[in-house]
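Chemist: Structure in structure tokens, see below.
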């Protein structure tokens, strides 16, 4: 699936927030979750919204408390995604 430039940049920023020891382990499942979100909406290209939704959906429940501070640091408002948190 194709990724637009904003989606690639956001993905890289999010991955950059993951501790180095876990990055490689987290990237594959995160990409699969993002692909699934894009596919569910019938998209043919992944956008930044898909990245955010896929990241939230793919994050284990015990780690979701860490999502809000990370997105705040990145300057992203999570209000549109509250139902996923």
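Chemist: With the condition kept exactly as written, say whether any residue in the range 25-33 is in contact with a strand residue (DSSP E or B) (Cβ under 7 Å, 6 or more places away or on another chain), more than 17 Å from residue 85 (Cβ to Cβ) and touching a residue at least 24 places away in the same chain (Cβ under 8 Å).
Modeler: To start, the set of residues in the range 25-33 that are in contact with a strand residue (DSSP E or B) (Cβ under 7 Å, 6 or more places away or on another chain) comprises none.
No.
Chemist: Then there is this: Looking only at the range 1-19, count every residue that is in a helix (DSSP H, G or I) and farther than 18 Å from residue 71 by Cα and tell me the total.
Modeler: Residues of the range 1-19 in a helix (DSSP H, G or I): 5-17.
Adding the requirement that they be farther than 18 Å from residue 71 by Cα leaves 5.
Residues meeting the conditions: 1.
Chemist: Identify all residues within the range 48-69 that are part of a helix (DSSP H, G or I) and buried (at least 16 other Cβ atoms within 10 Å of the Cβ); write none if there are none.
Modeler: Within the range 48-69, 48, 49, 50, 51, 52, 53, 54, 55, 56, 58, 67 meet the criteria.
Chemist: Another question, if that's okay. Scanning for something touching a helix residue (DSSP H, G or I) at 6+ places or on another chain (Cβ under 9 Å), under 12 Å from residue 14 (Cα atoms) and part of a helix (DSSP H, G or I), does the range 34-47 turn up at least one residue?
Modeler: Within the range 34-47, none of the residues are touching a helix residue (DSSP H, G or I) at 6+ places or on another chain (Cβ under 9 Å), under 12 Å from residue 14 (Cα atoms) and part of a helix (DSSP H, G or I).
Chemist: Collect the residues in the range 44-56 that are over 14 Å from residue 71 (Cβ atoms) and either without any contact (Cβ under 8 Å) to a residue 12 or more places away in the chain or under 8 Å from the mean Cα position of the chain (by Cα) (or both), keeping them in residue-number order. Spell out how you get there, then give the answer.
Modeler: Here is the first cut: in the range 44-56, the ones over 14 Å from residue 71 (Cβ atoms) are 44-47, 50.
Answer for the range 44-56, where residues must be over 14 Å from residue 71 (Cβ atoms) and either without any contact (Cβ under 8 Å) to a residue 12 or more places away in the chain or under 8 Å from the mean Cα position of the chain (by Cα) (or both): just 50.
Each reported figure results from applying straightforward, stated rules to the coordinates on display, with no laboratory input. These numbers were taken from a predicted model, which means no experiment stands behind them. A quick note on method: Cβ atoms are made from the backbone with ideal geometry, for glycine too, and the neighbour counts reach across all protein chains shown.
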